[in-house]
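Below is one structure; the comments refer to it alone.
The values are calculated or read from the model by the stated rules, or taken from the named source; none is laboratory data. Since the structure is predicted, the reported quantities are computational estimates derived from the model, not experimental observations. We place every Cβ from the backbone using ideal geometry, glycine too, and count neighbours over all the protein chains shown. Keep in mind that these areas ignore ligands, DNA and RNA; they rest on the heavy atoms of the full protein, side chains included. Shrake-Rupley method; radii C 1.70, N 1.55, O 1.52, S 1.80 Å.
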Amino acid sequence: MSKRLKAAQKRVKRLLGDRRAQSSGAAGQAANVVVSILVASLMAAYLLPMAINEIIGVDTTSWTGGASALWEIIPVMIVLAIFIFFVNMALSTGERL
C-alpha cells in the first residue's frame, strides 16, 4: 500500500473511532448490567416460589407461639431482601455509568 493510503486509513480510523458496543465503556457496562439483572431476576423468579413453598410447608405445631409467628413472616422478609438487593444493584451500577 502507498503511504498516502495508509495515512488516509489512519485519519479515518482516528476520526471514526471504534464504535463497537463491546469496546465502548458505558455501553458495554450498561449491557452487562442489563444482562446481570435479567439473569438474577429469572433465577429469583424460578427459585423463590420453591423456597417459599418449602418454608411454608414446615410443621410448626410443636413450636412456641413466638417462633411460629416469626416463621410465618420469613417469606415476606425474603421477598423484601431480594427487592432491596435489586434496588441496590441498580443504584450502584447507575453511579458507575
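Within segment 46-68, residues that are over 16 Å from L80 (Cβ atoms) reach partners that are open to solvent by 100 Å² or more (accessible area, probe 1.4 Å) with beta carbons closer than 9 Å, at six or more positions or on different chains, in the pairs I56/E72; T60/E72; S68/T61. Working only within segment 45-97, note down all residues that are open to solvent by 80 Å² or more (accessible area, probe 1.4 Å), of a type in the set (A, V, I, L, M, F, W, C) and closer than 23 Å to V34 by Cα. L47, L80, F83, I84, F85, L91, L97 - these are the residues of segment 45-97 that are open to solvent by 80 Å² or more (accessible area, probe 1.4 Å), of a type in the set (A, V, I, L, M, F, W, C) and closer than 23 Å to V34 by Cα.
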